[in-house]
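Trainee: The structure that follows is given in the form of structure tokens.
Every read-out reported here was derived from the displayed coordinates using simple, explicitly stated rules and does not represent laboratory data. Nothing here was measured: the structure is a model prediction, and the numbers come from that model. Cβ placement follows ideal geometry from the backbone for every residue including glycine, while neighbour counts extend to all protein chains displayed.
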Amino acid sequence: MATQGQVITCKAAVAYEPNKPLVIEDVQVDPPQAGEVRIKILFTALCHTDAYTWSGKDPEGLFPCILGHEAAGIVESVGEGVTEVQAGDHVIPCYQAECRECKFCKSGKTNLCGKVRGATGVGVMMNDRKSRFSVNGKPLYHFMGTSTFSQYTVLHDVSVAKIDPKAPLDKVCLLGCGVPTGLGAVWNTAKVEPGSIVAVFGLGTVGLAVAEGAKAAGASRIIGVDIDDRKFERGLFCSTFRSFVGWGTSVIVGVAASGQEISTRPFQLVTGRVWKGTAFGGFKSRSQVPWLVEKYMKKV
């Protein structure tokens, strides 16, 4: 592409301060360095985590920044050493990296990757600990290693999932966060079995993905719980349900404000119940996001 190796000026929604309106700015996006990929973002969604950080409640939130982490686009250019994607590839940016080389990736016990977290957690790129974004010569922090509220963005190559070019980007952009988080909470974390009873607390995008995942897993009953009664116009719910002693798994999904805690009685755990958490639904991003895209394309 004609822009390869050059600074690109494009539009981006910049968060200058917590809880203040985003500002549409002309920002400069530097070329990718070694191990980096510059992507033209075609579709981006809004996740609650974006709003959470924007609100100022996120203790790791950095400003000014470019938010956004649920998107799809096309590779514009790649830096030195990048081999798995090239210009023109259709991709989904992944806030959850997968290097396949660190001790976490090799452990087989987690989908959390340790390679770039030290940089993405403080809003910079790993190579030089600097941002690839600026406005009027002043740097802007990256967000979750993705920053998709920009027409162009730069990611580490370990955070880019190459997908089927026939997939509709306006639909599969949702596979960058919320939908895999919900599906994976069922399939990978809770490991719901056929005949199980599943209760879902909160019926937003993630909660509905949990319900869809539970249906696909063969759950015999899915109970939806939400504080917005408008969501139940088409629902049918029972007035009572059984509580089991000896088994049962509760999976915590999502983020909470700094300092917030959850609690339970020890008796709940010693009687066999399990309390677990999940990030990105336990999915390996570069390996399994393309698989999720294929499942969507085949409607299975």
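Trainee: Provide a single number: the residues in the range 248-291 that are of a type in the set (Phe, Trp, Tyr) and out of contact with any Phe, Trp or Tyr (no Cβ under 9 Å at 6 or more places or on another chain).
Mentor: Result for the range 248-291: 2.
Trainee: At least 3 residues that are of a type in the set (A, V, I, L, M) and in contact (Cβ under 8 Å) with a residue 60 or more places away in the chain in each: list the helices (runs of 4 or more DSSP H) lying fully within the range 114-195 that qualify.
Mentor: Fully inside the range 114-195 and qualifying: nothing.
Trainee: Next up: Report, by residue number, each residue of the range 249-300 that is hydroxyl-bearing (Ser, Thr, Tyr) and under 16 Å from Leu174 (Cβ atoms).
Mentor: Ser285, Tyr296 - these are the residues of the range 249-300 that are hydroxyl-bearing (Ser, Thr, Tyr) and under 16 Å from Leu174 (Cβ atoms).
Trainee: A follow-up question, please. With the requirement that a residue be of a type in the set (A, V, I, L, M), in contact (Cβ under 8 Å) with a residue 40 or more places away in the chain and in a helix (DSSP H, G or I), what does the range 253-294 give you?
Mentor: If the condition is that a residue be of a type in the set (A, V, I, L, M), in contact (Cβ under 8 Å) with a residue 40 or more places away in the chain and in a helix (DSSP H, G or I), then Val289, Leu292, Val293 are the ones that fit.
Trainee: Take the range 103-130 and flag every residue that is touching a Cys at 6+ places or on another chain (Cβ under 9 Å) and surrounded by 20 or more Cβ atoms within 10 Å (Cβ to Cβ).
Mentor: Cys105, Asn111, Cys113, Lys115, Val116, Gly123
Trainee: Out of Cys99, Cys105, which single residue is part of a loop (DSSP other than H, G, I, E, B), within 20 Å of the chain's Cα centre (by Cα) and within 12 Å of Val158 (Cα to Cα)?
Mentor: Cys99 is the lone residue from the list that is part of a loop (DSSP other than H, G, I, E, B), within 20 Å of the chain's Cα centre (by Cα) and within 12 Å of Val158 (Cα to Cα).
Trainee: If you take the residues in the range 72-84 that are surrounded by fewer than 19 Cβ atoms within 10 Å (Cβ to Cβ) and either more than 16 Å from Met126 (Cα to Cα) or among the charged types (D, E, K, R) (or both), which one is farthest from the chain's Cα centre (by Cα)?
Mentor: Glu80
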